[in-house]
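Data first, discussion second: the structure below is written as C-alpha cells.
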Amino acid sequence: MQRRTCSAALLAGVLSPPRAFGAGSTEGSGNVLRVASEAAETGFDPAQVGDLYSARVNAHIFESLYHYDLFALPVKVRPLTAASMPEVSSDFRVWTIPLQRGIFFSADPAFGARRRELVAQDYVYAIQRYFDPATKSPGLSGLQEEGIEGLQERRHTAVYIDSGEFAC
C-alpha cells in the first residue's frame, strides 16, 4: 500500500504542468525559455559551444536538418527543416538535401527588422564558421572528420579582409 501511494504521488508530479522558476511574476513569460542546469552555460553560439550545458539549451533554440523520432521503434531519423531524406550520389560524395519552404527566422535587426526565410546558404554559412580560425571552434575536429571538400583548404588559406569577414 505504501508503494502504491508513492507511485501515485510520483505520477501526479510527472503529469502536473511545469512551474516557472521564480514564480513571483508572470508578466511577459510567454517568450521566455527557462532551463534548469547543473552548471552555468558558456554561450549560445553553436560554433563556439564546447560544454554540455550550453549544447542542451542550443538543442532547444536551433533546429537541425534532421531529428530522431524517439517514438518510432526502432528509432528513426526524420526530416525537421529538410523536406526529405538526402539524395546521395553512388560514390557518396554528393548529398542533396532539399529544405522545407515556409521556415522563417524571427524578425531581427540583422535582417532589416523583418522575418527572413531559411535558405541553404544559412547551413553553408553555419558550417563555414566552424572552419574560420577566428571562431576557435571546439567542434571543429568533428566536422574535419566528415571530410567536407574544400573546407580544410579554406581554413588554411583564410584571409581576413578589413571588415573581419572570413574570406578566401
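Each reported figure results from applying straightforward, stated rules to the coordinates on display, with no laboratory input. Everything numeric here is computed off the predicted structure, so don't read it as measured data. Glycine gets a Cβ as well: all are built from the backbone with ideal geometry, and neighbour counts include every protein chain shown.
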Quiz item: So, in segment 78-116, of the ones that are within 20 Å of F62 (Cβ to Cβ) and among the hydroxyl-bearing types (S, T, Y), which residue ends up surrounded by the fewest Cβ atoms within 10 Å (Cβ to Cβ)?
Solution: S106
Quiz item: Taking interchain pairs and intrachain pairs at least six residues apart, which have beta carbon atoms under 6 angstrom, with the first residue in segment 100-120 and under 13 Å from A83 (Cβ atoms) and free of Cβ contacts under 8 Å to residues at least 60 places away in the same chain and the second assigned to a loop (DSSP other than H, G, I, E, B) and among the β-branched types (V, I, T)?
Solution: Q100/T81; I103/T81; L118/I103
Quiz item: Looking at segment 128-147, is at least one residue in contact with a Leu (Cβ under 9 Å, 6 or more places away or on another chain), assigned to a loop (DSSP other than H, G, I, E, B) and among the charged types (D, E, K, R)?
Solution: no
Quiz item: Just a yes or no: is a residue in segment 74-89 hydroxyl-bearing (S, T, Y) and within 28 Å of D51 (Cα to Cα)?
Solution: yes
Exercise. Select from segment 34-60 the residues that are of a type outside the set (K, R), under 19 Å from S137 (Cα atoms) and assigned to a helix (DSSP H, G or I) and list them in ascending order.
Key: L52, Y53, S54, A55, V57, N58, A59
